[in-house]
Amino acid sequence: MSHQNRPDIRTFGCRINIWESEVMRNQAQAAGLNDVVVVNTCAVTAEAEKQARQEIRKIRRWKPDARIIATGCAVQIDPDSWASLPEIDGIIGNQDKLTSSPGLI
């Protein structure tokens with residue numbers, strides 16, 4: 001299967017984020033959401049947050065029509081800051097990222 005036909009998940013942080021990202025990829029793929037880019041953030045260091053924000057800006061430039069969703073610990077801690085980024089189409093809190101209806105992503 002081509003990677004172009006799969007949802008794009010960008011992961012920052014720990015092993016749990018890596019596992020959760022794969023679950024989210026499978027859910028989005030099963031729902032046919034191949035235009036989605038999910039950025040799974042980390043709040044352990046300011047550098048991790050900075051890298052995630054930079055990645056989101058880069059994604060928007062490279063994939064202007066993609067739906068960009070941010071989730072993860074950094075989003076959970078400061079949802080308003082992340083939701084205010086103009087490149088982001090939506091945010092999902094940690095409590096919902098594995099249980100949200102794929103249509104919400």
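The values are calculated or read from the model by the stated rules, or taken from the named source; none is laboratory data. Keep in mind the model is a prediction, meaning the values are calculated, not measured. Every residue, glycine among them, receives a Cβ derived from its backbone with ideal geometry; neighbour counts consider all protein chains shown.
Counting only residues that are farther than 19 Å from V23 by Cα and β-branched (V, I, T), region 45-74 holds 3 of them. Is one or more of the residues making up region 46-65 aliphatic (A, V, I, L, M), assigned to a loop (DSSP other than H, G, I, E, B) and either touching a Phe, Trp or Tyr at 6+ places or on another chain (Cβ under 6 Å) or on the phi < 0 side of the Ramachandran plot (or both)? Checked against the condition, which is being aliphatic (A, V, I, L, M), assigned to a loop (DSSP other than H, G, I, E, B) and either touching a Phe, Trp or Tyr at 6+ places or on another chain (Cβ under 6 Å) or on the phi < 0 side of the Ramachandran plot (or both), region 46-65 yields no hits at all.
Scanning region 75-99 for residues that are within 19 Å of I16 (Cβ to Cβ), in a loop (DSSP other than H, G, I, E, B) and polar (S, T, N, Q) yields N94, Q95, T99.
Do you know which residues across region 29-45 are part of a helix (DSSP H, G or I) and either closer than 21 Å to W82 by Cα or acidic (D, E) (or both)? Passing the criteria: none in range. Might you let me know whether region 31-43 holds any residue that is among the polar types (S, T, N, Q), touching an Asp or Glu at 6+ places or on another chain (Cβ under 7 Å) and modelled with pLDDT of 95 or more? Yes: region 31-43 contains one or more residues that are among the polar types (S, T, N, Q), touching an Asp or Glu at 6+ places or on another chain (Cβ under 7 Å) and modelled with pLDDT of 95 or more.
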